[in-house]
Amino acid sequence: MSTTEAQISEVFNSIQGEGLYLGERQTFLRFAGCNLACQYCDTPQALTIPKEFKVEITPGKKDFKQFTNPATIQQLIDLANSFQKPRGVNHSLCLTGGEPLLQVDFLKLFLPALKKGLDLPIYLETNGVLPDHLLEVIELVDIIALDIKLPSATGLSPYWKEHKKALETAYLKEVFVKIVFTRESKVQELDEAVSLIAQVDEKIPLVLQPVTPHGPIKHRPNPDQIMAFHNVAKRKLKTVKVIPQVHKIFGVL
């Protein structure tokens, strides 16, 4: 695939439903394809590359229009600009997925062009296991929402080394960490993740996100587990917040 084209899942404008920027208005470019397959993934449609991607023309109305993959740089810039009215409504442009960093060669060409044509901070959501790719674009993004994956919540082997390297790179910009946890998540693995963050800087904010039940995932943590996890994280970090997904409550994308 050409580095001037990207595989996209969807483009839309909505309310950020997770993390420290909860409630802010953003334009979202959801990239297709992911190098993980987390058990709790709430966007399984973005795990594979579709022949077409969809665009919600009017925010909140679900009036989708289909476009052929792959998308060009100018096409995505034009789509992002179409959501710039009324002026000043958007906080930032969110690169999400899937995993955007899988298409790092495209991002290296796209982001400089995007910054020339769109006066918004670039907000990158990443699973935090591709530190070398993050390093290639770190100067082109402004805010990084970096996941740390707990093995019990993903069914995967730990990525502690990759997460630490990615966090050290993200620390060059504004960064916060998000950890999704389920009823099966263990205190010991959370403590290891928290220690990893503290080794970089105890002031890096952490968002603990109780899993949103959907499909086969019904194991939302119990209230006492949520409190216990918060206690564990606060032993080593200055800022720890428990924030669920709220866009599901709003009924928006």
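The values are calculated or read from the model by the stated rules, or taken from the named source; none is laboratory data. Computed from a predicted model, the values in this text were never measured in an experiment. Counting neighbours? That spans all protein chains shown, and the Cβs are built from the backbone with ideal geometry, glycine included.
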Considering segment 41-73 alone, what residues qualify as being in a helix (DSSP H, G or I) and within 27 Å of Lys116 (Cα to Cα)? Ile73
Among the residues of segment 1-31, write down those that are more than 13 Å from the chain's Cα centre (by Cα) and not polar (S, T, N, Q). Met1, Glu5, Ala6, Ile8, Glu10, Val11, Phe12, Ile15, Gly23, Glu24, Arg25
Exactly one of these conditions fails for Leu167: (1) farther than 23 Å from Thr96 by Cβ; (2) buried (at least 17 other Cβ atoms within 10 Å of the Cβ). Give me its number. (1)
Selection within segment 76-90 - more than 19 Å from Glu125 (Cβ to Cβ) and assigned to a helix (DSSP H, G or I): Ile77, Asp78, Asn81
Residue satisfying condition, being surrounded by 14 or more Cβ atoms within 10 Å (Cβ to Cβ), polar (S, T, N, Q) and modelled with pLDDT of 95 or more, within set Gln245, Gln188, Gln199, Gln209: Gln209
Can you tell me which residue in segment 35-61 is surrounded by the most Cβ atoms within 10 Å (Cβ to Cβ), limited to those that are at pLDDT 95 or above and in contact with an Asp or Glu (Cβ under 8 Å, 6 or more places away or on another chain)? Phe53
Restricting attention to segment 215-226, and to residues there that are of a type outside the set (S, T, N, Q) and surrounded by 12 or more Cβ atoms within 10 Å (Cβ to Cβ), which single residue is modelled with the lowest pLDDT? Ile217
Might you check whether a residue that is among the aromatic types (Phe, Trp, Tyr), in contact (Cβ under 8 Å) with a residue 24 or more places away in the chain, buried (at least 16 other Cβ atoms within 10 Å of the Cβ) and farther than 22 Å from Leu118 by Cα occurs anywhere in segment 5-25? no
Among the residues of segment 134-153, are any among the small types (Gly, Ala, Ser) and modelled with pLDDT under 95? yes
Only helices (runs of 4 or more DSSP H) wholly contained in segment 145-242 count here; list those with 3 or more residues that are touching a helix residue (DSSP H, G or I) at 6+ places or on another chain (Cβ under 8 Å) and either at positive phi or not β-branched (Val, Ile, Thr) (or both). 160-170, 187-200, 223-234
With respect to Leu93, determine if the residue is in a helix (DSSP H, G or I), touching a residue at least 40 places away in the same chain (Cβ under 8 Å) and either among the charged types (D, E, K, R) or surrounded by 19 or more Cβ atoms within 10 Å (Cβ to Cβ) (or both). no
Any chance segment 82-103 includes a residue that's within 19 Å of Pro50 (Cα to Cα) and touching a His at 6+ places or on another chain (Cβ under 7 Å)? yes
Among the residues of segment 101-116, are any part of a loop (DSSP other than H, G, I, E, B) and of a type outside the set (A, V, I, L, M, F, W, C)? no
On the basis of being over 26 Å from Asp201 (Cβ atoms), surrounded by fewer than 24 Cβ atoms within 10 Å (Cβ to Cβ) and either among the charged types (D, E, K, R) or in contact with an Asp or Glu (Cβ under 8 Å, 6 or more places away or on another chain) (or both), does Asp119 make the cut? yes
Within segment 123-144, which residues are assigned to a strand (DSSP E or B) and surrounded by fewer than 22 Cβ atoms within 10 Å (Cβ to Cβ)? Ile143
Inside segment 3-40, can you point out the residues that are within 19 Å of Ile249 (Cβ to Cβ) and in a loop (DSSP other than H, G, I, E, B)? Gln16, Gly17, Glu18, Gly19, Leu20, Tyr21, Leu22, Gly23, Glu24, Tyr40
